[in-house]
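Read through the structure below, which is laid out as structure tokens, and then see the notes.
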Amino acid sequence: MAFLIKSMIGNPLSGIGLGGGGDKEEEATPTDPAKAAGMTREEYEEYQKQVVEEKMERDADFLHKKAERATLRVCLREKYRLPKSEQDENMIEIAGDDVDVPEELLKMVDEDATEEEGKDSIMGQFQNLQNMDMDQLKEKASATVTELKTKAEEKCSVM
């Protein structure tokens, strides 16, 4: 309903054909994209080649980064004995054999590995014992023993 009213009232002179061909003027749009961009045909073709080359380089870099990340994930899966991912393996195959994990990421993984190896060794366990507060440990042990004695006395009439 609103459309009908708007079309009737919107432009009352548009329906009157007083010559002149109407109020709308068609703008001349160039059909050639080179002219639309304000370049010659050769410049436009060169520009298009550059755009395509840059896009291909960006895509290749992106694919390489994705393959590096997939390689790192594969390394971490092997380290923690997690199941393999076919998606990561496919990504590495697509990128080729020249995929290496960045050195910074390898350093981070190696640091984690040495920390875990230190914790798993006997010396690492001894260091954990040294870091413990022995007085606090004795207090907890004695509190637990006294608590067990009181519960046993409550339940057992012989004691």
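Numbers for the structure displayed
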quantity: Number of the condition not met by L148 [criteria: (1) open to solvent by 70 Å² or more (accessible area, probe 1.4 Å); (2) in a loop (DSSP other than H, G, I, E, B); (3) at pLDDT 70 or above]; calculated: (2)
quantity: Residue within the stretch 55-66 that is in a helix (DSSP H, G or I) and within 30 Å of T31 (Cβ to Cβ) present; calculated: yes
quantity: In the stretch 74-113, residue modelled with the lowest pLDDT [restricted to those that are touching a Lys or Arg at 6+ places or on another chain (Cβ under 8 Å) and assigned to a helix (DSSP H, G or I)]; calculated: A113
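The values are calculated or read from the model by the stated rules, or taken from the named source; none is laboratory data. Predicted model, so just to flag it, every value in this text is computed and none were measured. As a convention, Cβ positions derive from the backbone with ideal geometry for all residues, glycine included, and neighbour counts pool all protein chains shown. Accessible surface areas use protein heavy atoms only, side chains included; no ligands, DNA or RNA. Shrake-Rupley method; radii C 1.70, N 1.55, O 1.52, S 1.80 Å.
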